[in-house]
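The values are calculated or read from the model by the stated rules, or taken from the named source; none is laboratory data. Given the structure is predicted, the values throughout are model-derived calculations rather than measurements. Cβ placement follows ideal geometry from the backbone for every residue including glycine, while neighbour counts extend to all protein chains displayed.
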Amino acid sequence: MNADRTSSESNIPSGSIAAALVAAAIGCFAVSALALLADAYASLGHLMTFYAPTGPLSGVTTTAIGIWLGSWAVLSWSWQRRSIPLGKISALALLLLGLGFLLSFPPLGEFLQGR
Amino acid sequence: MQMSIREIITALHGMGWGGLVLLAFSGALVEIYRLCTPERSAPLTSVEHKRLRAYLIVMAVVAWGAVLSGAYVVYPWYRARPTAVVTDYAEYAQRSLVANPTTAGWHNLGMEWKEHVAWFVPIAITMVAYVFTRLGADLAKHRQVRNTVLAFTVAAFFAAGIAGTLGALINKKAPVQGGAIVTLSGENK
């Protein structure tokens, strides 16, 4: 039974794993990118205020979570049963994660906004 | 010995949820590193596999608890706006920090970074838990995936460290205060 289970797990299409990796990176990048945009454009910051006591952070994070879960669902569906090059996908995921980290650093955000 | 309700809940957010997440990283990193070095480590037994899967799922739940309690319970108290007649900012942590040029950076850099980078943690750990649940011990056979999973775990640890450290330091500079007073021991005088 263990052998059967191991065999079936080995045959999991790389698409579902690739989708999870890329979507998580997109989610992290979206948090930083939306925070930067909400800070740069007051109208967007106002739009992102889903819950007044928390301010724009509520909309930024809720929207980023929506983008993360939405991209995960779309990529999982698009890549199901497909063999995805995991090397390139991993590099893309790490690149997006790194960019997300950089953009989250406030001095860089202020620099990009020309402050 | 007394604490206000806000102080107690802020402590539960930081030292409860946040502290648990940071502690959990030690176990997660050791086990994922073990998976990433199959040539030097013994493979996971089925019991260890089940235990690690449960560990990562619980860790993701705790990470979500940390960011949600922070954003929707503690942060509103931190960023509360005083009315025009208020001159004592003791219960308005953000305003108290930005009112003084020597402490403004704790909000402008510290809180601005912490409040966003903290969200990387639950997103990354949820992905790690999902990938481990799908691949299980087979994760060791997928070099690129296991290295990416380890990189995300390290990045999430780094993000949790930033959020936790800045949170503790900001709360030291301008504690979240207010609400009903709870007597923890001794008598009211």
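Of the conditions (1) surrounded by fewer than 20 Cβ atoms within 10 Å (Cβ to Cβ); (2) within 7 Å of chain A (Cβ to nearest Cβ); (3) touching a residue at least 60 places away in the same chain (Cβ under 8 Å), B:I181 clears all except one; give me its number.
The one condition B:I181 does not meet is (2).
Among B:V98, B:V58, which is away from chain A (no Cβ under 14 Å) and among the hydrophobic types (A, V, I, L, M, F, W, C)?
B:V58
Please enumerate the residues belonging to region B:24-41 that are assigned to a helix (DSSP H, G or I), more than 22 Å from the chain's Cα centre (by Cα) and of a type in the set (D, E).
The answer is none; no residue qualifies.
Any residue in region B:135-155 that is of a type in the set (S, T, Y) and at pLDDT below 95?
no
In region A:47-62, which residues are within 11 Å of chain B (Cβ to nearest Cβ), of a type in the set (A, V, I, L, M) and more than 17 Å from the chain's Cα centre (by Cα)?
A:A52
I'm checking my understanding of the structure. Among residues of region B:138-148 that are part of a helix (DSSP H, G or I) and in contact with a Leu (Cβ under 7 Å, 6 or more places away or on another chain), which one is surrounded by the most Cβ atoms within 10 Å (Cβ to Cβ)?
Step one: filter region B:138-148 for residues part of a helix (DSSP H, G or I), giving B:138-141, B:143-148.
Those still in the list that are in contact with a Leu (Cβ under 7 Å, 6 or more places away or on another chain) too: B:139-140, B:144-146, B:148.
Numbers: B:L139: 24, B:A140: 19, B:Q144: 18, B:V145: 25, B:R146: 23, B:T148: 28.
Restricting to residues being part of a helix (DSSP H, G or I) and in contact with a Leu (Cβ under 7 Å, 6 or more places away or on another chain), the top hit is B:T148.
Determine, yes or no, whether B:N100 is of a type in the set (S, T, N, Q) and over 15 Å from B:E7 (Cα atoms).
It is true that B:N100 is of a type in the set (S, T, N, Q) and over 15 Å from B:E7 (Cα atoms).
Taking region B:107-135, which residues are touching a helix residue (DSSP H, G or I) at 6+ places or on another chain (Cβ under 6 Å), facing chain A (nearest Cβ under 7 Å), part of a helix (DSSP H, G or I) and not small (G, A, S)?
Of everything in region B:107-135, those that are touching a helix residue (DSSP H, G or I) at 6+ places or on another chain (Cβ under 6 Å), facing chain A (nearest Cβ under 7 Å), part of a helix (DSSP H, G or I) and not small (G, A, S) turn out to be B:L109, B:E112, B:W113, B:E115, B:H116, B:V117, B:F120, B:I123, B:M127, B:Y130, B:V131.
Out of curiosity, is A:L94 assigned to a helix (DSSP H, G or I) and at the interface with another protein chain (Cβ under 10 Å from one of its Cβ atoms)?
So A:L94 passes the test.
Scan A:W72, A:W79 and give me the residue that is touching a residue at least 60 places away in the same chain (Cβ under 8 Å) and either of a type in the set (A, V, I, L, M, F, W, C) or within 25 Å of A:H46 (Cα to Cα) (or both).
None of the other options fit; the residue is A:W79.
In the list A:I65, A:I84, A:I89, which residue meets the criterion of being at the interface with chain B (Cβ under 9 Å from one of its Cβ atoms), out of contact with any strand residue (DSSP E or B) (no Cβ under 7 Å at 6 or more places or on another chain) and farther than 25 Å from A:G45 by Cβ? Write out each step before concluding.
Working: A:I65 fails: farther than 25 Å from A:G45 by Cβ; A:I84 fails: at the interface with chain B (Cβ under 9 Å from one of its Cβ atoms).
After ruling out the rest, the residue left standing is A:I89.
Can you go through B:V67, B:V149, B:V154 and tell me which one is within 11 Å of chain A (Cβ to nearest Cβ), of a type in the set (V, I, T) and touching a Pro at 6+ places or on another chain (Cβ under 9 Å)?
B:V67
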